1. Sort out which residues of region 217-228 are in contact (Cβ under 8 Å) with a residue 40 or more places away in the chain and open to solvent by less than 50 Å² (accessible area, probe 1.4 Å), and write them in order of number.
2. Run down Ser57, Ser39 and say which single residue is surrounded by fewer than 13 Cβ atoms within 10 Å (Cβ to Cβ), touching a residue at least 24 places away in the same chain (Cβ under 8 Å) and either touching a strand residue (DSSP E or B) at 6+ places or on another chain (Cβ under 7 Å) or over 30 Å from Leu306 (Cβ atoms) (or both).
3. Quick check on region 187-210. Is at least one of its residues part of a loop (DSSP other than H, G, I, E, B), of a type in the set (D, E, K, R) and either within 27 Å of Glu142 (Cα to Cα) or at pLDDT 95 or above (or both)?
4. If I go through region 230-246 residue by residue, how many of them are surrounded by fewer than 23 Cβ atoms within 10 Å (Cβ to Cβ) and out of contact with any strand residue (DSSP E or B) (no Cβ under 7 Å at 6 or more places or on another chain)?
5. May I ask you to verify whether Gly182 is in contact with a helix residue (DSSP H, G or I) (Cβ under 9 Å, 6 or more places away or on another chain) and either open to solvent by 40 Å² or more (accessible area, probe 1.4 Å) or closer than 16 Å to Val67 by Cα (or both)?
6. If you go through region 161-178 one residue at a time, do you hit one that is open to solvent by 40 Å² or more (accessible area, probe 1.4 Å) and over 20 Å from the mean Cα position of the chain (by Cα)?
7. With the structure loaded, tell me whether Ser255 is out of contact with any helix residue (DSSP H, G or I) (no Cβ under 7 Å at 6 or more places or on another chain), touching a residue at least 40 places away in the same chain (Cβ under 8 Å), hydroxyl-bearing (Ser, Thr, Tyr) and surrounded by fewer than 16 Cβ atoms within 10 Å (Cβ to Cβ) or whether it fails that test.
Amino acid sequence: MKIKSWLSAVFLMSLPLAPVLAQPVLPLYTGNIPNSIPSNGQEKSNTEANGNVHVTSVVQPSLTVYVPPAGTANGTSIIVCPGGGYGFLSMTNEGTEIAQRFTGMGITVFILKYRLPNDAMQPDKSIAPLMDAQQALRLVREVAPKYNLNPERIGLMGFSAGGHLAATAGTQFAKPVGPKPGPASVRPAFLMLIYPVISFSDSLAHGGSRTNLLGQNPTAAQMVQYSADRQVTAQTPPTFLVHAQDDKTVKVQNSLAFYEACVHHGVPAEMHLFAKGGHGFGLHNGSTTDDWSERLREWLAANGWLTR
């Protein structure tokens with residue numbers, strides 16, 4: 001690593017995350033929520049010992065908006081999909097902390113609280129998260145004028161199972177799911193996949209994510225459909241990937257498979273691998289002074305997405 005880059009990374013990692021105020025929460029849908037069954041289910045929030053907030057039983061999917069400091073917005077926005085194996089949403093280290101870091105880059109951040117697969121709450125649980133991610137892209141395009149956003153510079157970021165959701169949305173935008181999806185594009189401009197679940201094959205799948213989304217006995221066709229590396233085409237958005245080799249929860253081969261598929265189809269992709277770090281480290285890989293969010297900032301800048 002160059003000395004200048006190393007010093008920059010150390011400096012950035014030493015800075016506290018600046019406090020940022022959340023804007024009013026935007027509900028994804030007005031009126032009835034599609035692909036939902038009326039129930040008495042209530043959203044639950046639990047704070048772990050490490051301070052990370054876990055949310056379960058999402059009934060009303062929404063976007064929470066974080067805006068950059070006054071005068072710094074550059075028109076780019078990202079929708080963040082927290083992980084949690086499709087069983088919960090890790091809202092702090094894969095949500096609010098991400099918003100705090102990226103608003104500092106002039107990016108407007110939308111944290112997506114998406115529905116988790118649940119047979120009692122959805123007629124087809126396998127499409128509920130994807131339906132919400134696609135609706136989030138529509139909604140951000142709709143509110144782009146209000147927040148002075150460029151509707152062609154909306155990126156999608158996902159962590160772990162949220163990375164699976166982002167990768168699925170980034171490879172299956174040509175056929176939106178749900179009734180009457182409308183003409184608005186649901187293709188993100190770029191993808192950022194952080195220790196993502198990618199493949200649902202028996203050899204690579206994160207079992208909990210696959211079971212929660214598809215049930216105990218998914219068909220072979222479903223496993224192919226929801227293996228994002230099998231769905232990459234030349235139209236897949238440019239992609240940035242991060243993973244740790246020693247990840248015991250989601251094998252690093254998930255990111256390798258997606259990267260290789262991007263190379264095969266001529267999709268611009270950049271991948272950063274750490275020897276150590278495990279899974280779920282969010283912004284803070286304690287095994288290294290290298291800051292992947294700085295690498296991502298450089299990638300975004302090189303592609304013109306930080307230009308005002």
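The values are calculated or read from the model by the stated rules, or taken from the named source; none is laboratory data. Keep in mind it's a predicted model, so treat the numbers as computed, not measured. Neighbour counts are summed over all protein chains in view; Cβ atoms, including those assigned to glycine, are modelled from backbone coordinates with ideal geometry. These accessible areas exclude ligands, DNA and RNA; they are computed on the full protein's heavy atoms, side chains included. Shrake-Rupley method; radii C 1.70, N 1.55, O 1.52, S 1.80 Å.
1. Correct list: Tyr226, Ala228.
2. Criteria check complete, one pass: Ser39.
3. yes
4. 6
5. It is true that Gly182 is in contact with a helix residue (DSSP H, G or I) (Cβ under 9 Å, 6 or more places away or on another chain) and either open to solvent by 40 Å² or more (accessible area, probe 1.4 Å) or closer than 16 Å to Val67 by Cα (or both).
6. There is no residue in region 161-178 that is open to solvent by 40 Å² or more (accessible area, probe 1.4 Å) and over 20 Å from the mean Cα position of the chain (by Cα).
7. no
Yes/no matrix, rows are residues, columns are (1) small (Gly, Ala, Ser); (2) surrounded by fewer than 14 Cβ atoms within 10 Å (Cβ to Cβ); (3) free of Cβ contacts under 8 Å to residues at least 40 places away in the same chain; (4) out of contact with any Asp or Glu (no Cβ under 9 Å at 6 or more places or on another chain):
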| residue | (1), (2), (3), (4) |
| --- | --- |
| Glu260 | no, no, yes, no |
| Val263 | no, yes, yes, yes |
| Pro268 | no, no, yes, yes |
| Leu283 | no, no, no, no |
| Asp290 | no, no, no, yes |
| Glu294 | no, no, no, yes |
